[in-house]
Amino acid sequence: MEKKVLVTGGTGYIGSHTVVELQKSGYTVIIVDDLSNSIQKVVGLIHKITGQIPIFEQFNLCDSDQLNLLFEKHSNICGVIHFAAHKAVGESVGQPLKYYHNNLLSLINLLKCQAEHGVDKLVFSSSCTVYGQPDELPVSESAPLKHATSPYGNTKKICEDIIRDTVGTIDIRAISLRYFNPVGAHKSGLIGELPLGTPQNLVPFITQTAIGKQNVLKVFGDNYNTPDGTCIRDYIHVTDLAKAHVVAIDRLIQQKNETPYEVFNLGTGNGHSVMEVIKAFEKTTGLDLAFEIAGRRTGDIEQVWADTSLANLKLGWKAELGLEEMMYSAWIWEKNLAAGIVNQS
Ligand code: UD1
């Protein structure tokens with residue numbers, strides 16, 4: 001029987017990698033994306049990688065009429081993986097209502113439509129940002145959730161609450177996946193992260209500096225209470241992350257979930273400092289990266305990495321790719337971007 005999954009935000013960074021892994025696992029994929037932070041050419045690039053064209057619909061999930069029509073048109077959708085959201089931390093501080101409106105209403109519309117159309121499985125894209133600076137490391141799913149440092153982070157926390165409250169009232173089962181720091185690109189070099197404007201995140205800033213689009217990487221603080229003084233994060237290869245979504249939707253379809261709502265951390269379980277990331281990039285590419293130490297970035301937490309034992313045990317999933325593979329794939333992608341790969345397709 002055909003397994004059809006709706007992927008919202010499927011032309012985005014993590015969404016596109018997940019579509020690839022879903023298709024490789026035998027799923028038929030429908031993408032809904034408003035292209036506010038991605039481009040339609042990604043559909044063709046996914047086709048190049050897998051040989052299959054996902055169905056593509058362009059609209060924003062705040063439009064519940066369009067969403068209803070989509071569920072009417074595709075009556076056999078078995079589950080939804082929901083990525084579509086605004087995600088720029090800095091922008092969310094300046095425009096909180098844009099974030100609350102879009103990210104919350106999209107989820108609410110989705111849940112309502114799913115209930116109306118009997119689509120009872122949801123995988124939600126959450127973030128380790130819900131933990132803030134945890135009291136204990138590594139951080140497990142049972143750690144208390146801290147006040148979010150940005151409206152963006154708060155939308156992830158509120159969305160989790162909305163799902164938790166809703167699963168008890170309608171026939172729906174859901175899994176939230178709390179990502180640590182997704183980086184890297186598909187091994188084909190055909191899809192990857194496409195930051196709008198100047199990148200705010202570390203790895204795209206590194207690759208853009210190495211290619212000459214940025215002059216110098218600023219390392220935000222070297223006086224933290226960590227071994228080398230720079231912040232520590234749990235970087236995870238986007239392909240490992242994508243694979244976890246296939247496992248999660250499989251789990252719901254096969255009714256292996258133990259409760260109607262489950263939450264899993266997705267990381268490698270290893271923390272790496274900013275300086276370690278730079279060194280891994282230099283080692284795997286043979287390049288010298290231009291960087292300088294700068295002041296701390298407001299809102300940054302000192303260190304966080306995941307306890308992944310729950311995902312390892314219950315999902316039977318484990319991240320396989322290491323820091324150098326993450327950096328190498330990110331670099332190939334940056335070089336392909338510079339060579340015009342996205343425009344040629
Ligand atoms: C940020 C968001 C998080 C989001 C994630 C997406 C915050 C507080 N958190 O996480 O909600 O899910 O991005 O990937 O913004 N760094 C530099 N120089 C740079 C850029 C970053 O030194 O030019 C450092 C940062 O200080 C940090 C590390 O690199 O220590 C990682 O930063 P980044 O990639 O922005 O991710 P997070 O801040 O962890």
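The values are calculated or read from the model by the stated rules, or taken from the named source; none is laboratory data. Since the structure is predicted, the reported quantities are computational estimates derived from the model, not experimental observations. All Cβ positions, glycine included, derive from the backbone under ideal geometry; neighbour counts span all protein chains shown. We work out accessible area using only protein heavy atoms, side chains counted, and drop any ligands, DNA or RNA first. Shrake-Rupley method; radii C 1.70, N 1.55, O 1.52, S 1.80 Å.
Using the Cβ-Cβ distance between residue 309 and residue 112 with R0 set to 41 Å, the FRET efficiency from 1/(1 + (r/R0)^6) comes to roughly 0.70. Here the 3J(HN,Hα) profile of segment 291-298, calculated from phi with Karplus coefficients 6.51, -1.76 and 1.60 at θ = phi - 60°, is 9, 9, 7, 10, x, 5, 8, 4 Hz, Gly and Pro shown as x.
Which whole-number percent of Cα pairs in the chain have a distance greater than 31 Å?
Roughly 29 percent, rounded to a whole number.
On segment 1-112, 54 percent of the accessible area sits on carbon and sulfur atoms, based on a 1.4 Å probe.
Comparing 201, 257, 60 in a Gaussian network model of the chain (Cα springs below 10 Å), the most mobile by mean-square fluctuation is 201. Only Cα pairs under 8 Å and 6+ residues apart enter the sum, and on that basis the relative contact order of segment 52-122 stands at 48 percent.
Applying a DSSP loop filter and a limit of 12 other Cβ atoms within 10 Å to the GluC sites (Glu not before Pro) in segment 88-179 leaves 136. Based on the convex hull around the alpha carbon atoms, segment 201-240 presents an average projected area of 3.7 nm². If you take all other residues with their beta carbon under 15 Å from the beta carbon of residue 138, and give Lys and Arg +1 and Asp and Glu -1, the sum is -3. Computed over the chain, relative contact order equals 19 percent, with contacts defined as Cα pairs under 8 Å that lie 6+ residues apart. Of the accessible area of segment 186-345, computed with a 1.4 Å probe over protein heavy atoms only, carbon and sulfur atoms account for 48 percent. Within the straight-line cut-off of under 28 Å between alpha carbons, the lysines reachable from residue 279 are 87, 187, 213, 218, 243, 318, 335, sequence neighbours fewer than 8 places apart in one chain being disregarded. Structure remark: mean-square fluctuation, Gaussian network model of the chain, C-alpha springs under 10 Å; the largest value among 299, 197, 79 belongs to 197. Taking the chain as a Gaussian network of alpha-carbon nodes connected by springs under 10 Å, the highest mean-square fluctuation of the residues 332, 39, 236 belongs to 39.
Spatial offset of segment 1-20 relative to segment 257-330 amounts to 23 Å, using the alpha carbon center of each.
Determine the relative contact order of segment 54-205: mean sequence separation of Cα pairs under 8 Å and six or more apart, normalised by residue count, in whole percent. The partial results should precede the final answer.
Numbers: 176 pairs, mean separation 36.9, N = 152.
For segment 54-205, the relative contact order is 24 percent.
With the convex hull constructed from alpha-carbon coordinates only, segment 134-222 shows a mean projected area of 9.5 nm² over all directions. Over the chain, DSSP H runs of length four or greater, each weighted -39,500 (n - 2.57), average out per residue to a 222 nm ellipticity of -11500 deg cm²/dmol. Rolling a 1.4 angstrom probe over the protein heavy atoms with all chains in place gives the chain an accessible area of 42 Å² per residue. Quarter the surface of the alpha carbon convex hull of segment 206-345 and you get the mean projected area, 11.0 square nanometres. In summary, the helical segments of the chain meeting the span-like criteria, namely a full DSSP H run, a Cα extent along the axis of 20 angstrom or more and a mean Kyte-Doolittle hydropathy of at least 0.5, are 238-253. The apolar share of the surface of segment 137-185, taken as the fraction of accessible area on carbon and sulfur atoms (1.4 Å probe, ligands and nucleic acids excluded), comes to 52 percent.
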